[in-house]
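The values are calculated or read from the model by the stated rules, or taken from the named source; none is laboratory data. Keep in mind that what you see is a predicted model, and the values were worked out from it rather than measured. Here the Cβ positions follow ideal geometry from the backbone for every residue, glycine too, while neighbour counts run over all protein chains shown. Surface accessibility is based on the protein's heavy atoms, side chains included, excluding ligands, DNA and RNA. Shrake-Rupley method; radii C 1.70, N 1.55, O 1.52, S 1.80 Å.
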Amino acid sequence: MRMRNVNNGKMAEATPSASGEEYPWKRLNVSVQDADTLRQEAVEAHHDHLITEIETSEGPLATTLRAVYDGDEIDYFMEKLDGRIKSHDHEIERMCNYHYQGFIDSIRELQQVSGDATKLKGEIQGLNRELQTSCDPLLSAGDELVKCRKVQKNVTQAIESLSLCLPVLEMYGKLQEQMKSKRYYPALKTLEQLEHTYLPRVINHWFSQTMADAIPKLRERIKEASMTELKDFLESIRKHSAKIGEVAMRHAAEQNNMDPTIAKKKVKKRRAPAPPNPFTGEIDYEPPRPPSDGEDAEEELSAQDLVDFSPVYRCLHIYTVLGDKEKFETYYRSQRWKQARLSLQPPSNMHESIDLFKRYFHDIIGFFVVEDHILHTTQGLVTRSHMDELWEKAVEKISATLRSTSARLASDPCRGLEQSCKVASLMLEVKKLIVLFCHTLKGYGFSVGRLLELLLEMRDRYSEILSEQWVEVFNDIFAEDNYTPIFCDSPDDYTIITSQFPYRDKDLEQSDYPRQFPFSQFVPSIYVQVKEYINACLKFSADLHLSHTEIDDMIRKSANQLLTKTLGGCLSSLIKKPNLSLLQLIQISINMNYLEKSCEYLEEYISSITGAEKDSVHIARLHGSSMFKDARSDAEQHIYEQLNLKIDEFLDLASYDWTVQESRGQASSYLMDLVAFLQSTFMSFTNLPVFHTSWAKYVEKVAKTACMSACQHIASRLMALLQDNDIRQLSMGALQQFNLDVMQCEQFAASEPVPDSNDGTLQMAFTDLRQLLDLFINWDWSVYLADFGKQQARYLRVPRHTAISLLEKLNNADKKKNNLLQSLKKNEREKKKLIDTVLKQLKVLENGTT
């Protein structure tokens, strides 16, 4: 293909014109022949190169052909290619012409070789026929041999297959037999061997796939069967838990030198009665049957001997092998926690019987003994942390249950003495049971500190119940006492009293019979019962592993509670009884003196039974002395109050005519009766059969105090009569009559109603009345006003407001009398004027002081 010039052979302008013409570029009109020739030569060289590659290349020509078609001169290339082909054709023709003679010679030789080959072929066919004839027997024998070899090979393969299949089938049969006999753990091992060892050998056999498909189902059957056994085990362990706990507690009691019967439940085995004699109709007595060897053997069994734990182990191993160990552990722990909650749930009426408490503790101990055994015989099924968590929850539940039960025991307000004794005895048994419970679980590694602390709380409940019980005891003692000194007619009677109460008096020991103690019967009775209470409290403190000092402090605390609250409350109620006479109250006061002294002996007794040192700085002291002092003071005060109440009964009979003009000339009858009563009362004090100097002095002191109290009470009541605001008018005649009554009281005070009371102390109780009456009767106002404010005034004890009140009442009476008479005598006018003057001066003094 030839190149054509563009733009009719004209070339583009190459350089701009240097002249200043309108067009700066110079136009070239000469055609460029050299460039076209060069381009054509390059194209031809390129085509020659491509044709050479096509001729010489032994590989794919895709790249060369693509270069051809990518160019624009494909027609020119085809012309060049046709020229090259024609050139090669001429070369071939030239070479053929050159070797033609040799070709003819070769053809002739080939024809000659063809004849020789035909001859040789005939000879070979003849030899073949002869060979076939001679080899026919051999071929028949060879076919037979091949058939035999195939049969032999098939037999060998069959033997080999049977050798591989028979162990598989035997193993599968063994698996089925183990499943039927419920030997699931060996069956699982057999299944594993069958799956991983035997079935891969016969994988090409059709039954291997059937067996492989059945293996997951067999695993599930084994899991379900082992889980069923586990559920049966859990149900069985729930039934035997109480027995396991009982056996464990009994063994712990033997190890800690405690009574094993604490843990043993009382089971009454009922037996049918013997049939009556058919001839006589009588029933023959059959002695109690001794325990059998089986029962003794059961008593000697350990906790683990009572339960077969193999289902747990089998199930654990099976689930471990099957890769579901966590699932099994979760299920086991959840089911056991449910059982623990059932064991920790107390019976609703547990507070009624010690056997119910035993059953409750047996269940709990049985549960934890089983868990402890599982902990030490398995790996991971029960861990120490899990056990600790279970125990913490159990301790909280047990503590709450025991607190509520003990509170329920202590909170029944309607029980009597007999019921209180039963409750106290029950709590003591419960305490022993709790101590043994703690010893048992402590032996298995559980922490029981919180439960031992709970016993201290229960001890307070126990003390409260004992206190309630002793309230009835004390009240019975008070009800049976005759509140008279004890008389002993014989040495035996004397010995009995001195053995009950530590009282020693040389004068009494040397005196003749009958001998008289200064106290009544309730003193030794109270002392004995307080010691009984202390002994009862000591029983609760036993086996708590407390030091002597701690036990001593606990006993003293309980004894103080008994003395201050229980006995103090009973004594307070006794003293306040309205049917007690003054002499009985005096005897009660005397009794308090000796009970107060007995506190020293009680402290010695407590130290002796607890083993604590008596003079230890840590030992608390009994507060009974102060309580008995308070009780004695209450009794004495009640004596005074009773006497004053009786005085009030007489004084309430007082009936004065406050406007009478003249007195009757003698004391009022109510006051004469009051004085006679007081004289007889204090005479009875004086005539008491006192055989002891200390008692006589005490009675004399009480009589003096009572007499002084009576005089002060009479004086205050009489003064209150004069100052009564309801009395508006008062005459001098009424004051004179009142003066006679006060004089009668003063005569009683001066008559020495109580021995050694003539020192003027009793008369001083009426000093206020005496000065007031003397002031008005003697009309000694000048002295009163002149001595006002002085320490040595004659009428120092007459208050201004009292004098003003009485003067106003006298003035009111005079005004009423003047209104009636309408005339006044000279002396009365002067008296009225004097009253007004005195009133003014007293009011001035009153206002000035204010």
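Roll a 1.4 Å probe over the protein chains and send me the accessible area per residue for segment 347-497 in Å².
Dividing the accessible area of segment 347-497 by its residue count gives 42 Å².
Leaving out ligands, DNA and RNA but keeping every protein chain, what accessible area does Asp232 have, in Å² rounded to the nearest 10, with a 1.4 Å probe?
90 Å²
Using the beta-carbon distance between Glu429 and Ser572 and R0 = 45 Å, what value does 1/(1 + (r/R0)^6) give for FRET efficiency, to the nearest 0.05?
0.85
Using a 1.4 Å probe over the heavy atoms of the protein chains, calculate the carbon and sulfur portion of the accessible area of segment 111-164 as a whole percent.
61 percent
Would you list which aspartates and glutamates come within 17 Å of Lys629, measuring only between C-alpha atoms, while excluding same-chain residues fewer than 8 positions from it?
Partners within reach: Glu596, Glu600.
On full extension of the chain, what length is gained from Val151 through Thr484, given 0.36 nm per residue of separation minus the C-alpha to C-alpha distance?
106.6 nm
Keeping every protein chain present and rolling a 1.4 Å probe, give me the accessible area per residue for segment 140-234 in Å².
Ligands and nucleic acids excluded, the result is 65 Å² per residue.
Within segment 187-235, what whole-number % of the accessible surface is contributed by carbon and sulfur, with the 1.4 Å probe and all protein chains included in the calculation?
For segment 187-235, the apolar C and S fraction of the accessible surface comes to 51 percent.
Lys and Arg at +1, Asp and Glu at -1: add these up for the other residues within a Cβ distance under 12 Å of Glu457 and post the number.
After counting each charged neighbour, the total is +2.
Can you give me the % of accessible surface on segment 499-571 that is carbon or sulfur? Probe 1.4 Å, all protein chains present, nothing else counted.
Looking at segment 499-571 in its full context, I get 47 percent from C and S.
Once label points are set 7 Å from the Cα along Cα→Cβ at both Asp305 and Gln510, what is their separation, rounded to one decimal in nm?
Taking the simple label geometry, Asp305 and Gln510 are separated by 7.4 nm.
For Lys338 and Lys121 in the same chain, what is the full-extension length gain: residue separation times 0.36 nm, less their Cα-Cα distance, in nm?
Taking Lys338 through Lys121 to full extension adds about 67.8 nm, to one decimal.
Keeping all protein chains in place and using 1.4 angstrom, which order do Leu50, Leu740 fall into by accessible surface area, from largest down?
Leu740, Leu50
Quick check: Cα centre of segment 732-780 to Cα centre of segment 156-192, how many Å?
So the two Cα centres are separated by 129 Å.
Hey, which aspartates and glutamates would be in cross-link range of Lys576, C-alpha to C-alpha under 15 Å, not counting anything within fewer than 8 residues on its own chain?
Within the straight-line limit of under 15 Å, Lys576 reaches these aspartates and glutamates: Asp630, Asp634, Glu636, Glu641.
Going by accessible area, probe 1.4 Å, with all protein chains left in place, what is the ranking of Thr118, Thr52, largest first?
Largest accessible area first, the list is Thr118, Thr52.
Of the options Phe446, Gly380, Cys421, report the single residue whose Cα projects farthest towards the positive end of the charge dipole of segment 323-481 (beta-carbon charges: Lys, Arg +1; Asp, Glu -1).
Gly380
Within straight cross-link reach of Lys843, meaning Cα distance under 18 Å, which aspartates and glutamates are found once same-chain residues fewer than 8 apart are removed?
Within the straight-line limit of under 18 Å, Lys843 reaches these aspartates and glutamates: Asp780, Asp787, Glu808.
Take a quick pass over segment 379-516 and tell me how many lysine pairs come in under 25 angstrom between Cα atoms, counting only ones 8 or more apart or on separate chains.
Pairs that pass both the separation and distance tests number 10.
Taking R0 as 25 Å, what's the FRET efficiency between Ile609 and Asn257 from their Cβ-Cβ distance, rounded to 0.05?
So, using R0 = 25 Å, E works out to roughly 0.80.
Suppose every K and R has +1 on its Cβ and every D and E has -1 on its Cβ; what is the size of the dipole of segment 519-607 about the Cα centre, in Debye to the nearest 20?
Using Cβ point charges on Lys, Arg, Asp and Glu, segment 519-607 gives about 500 debye.
Can you pull the one-decimal nm distance between simple spin-label points at Thr705 and Phe207, each 7 Å off the Cα toward Cβ?
Label at Thr705, label at Phe207, 11.5 nm between them.
First measure r as the distance between the Cβ atoms of Thr495 and Lys840, then evaluate 1/(1 + (r/R0)^6) with R0 = 56 Å and state the FRET efficiency to the nearest 0.05.
Using R0 = 56 Å, I get an efficiency of 0.10.
Starting from the Cα of Ala676, step 7 Å along the direction of its Cβ; do the same at Ala35; then give the gap between the two resulting points in nm.
18.0 nm
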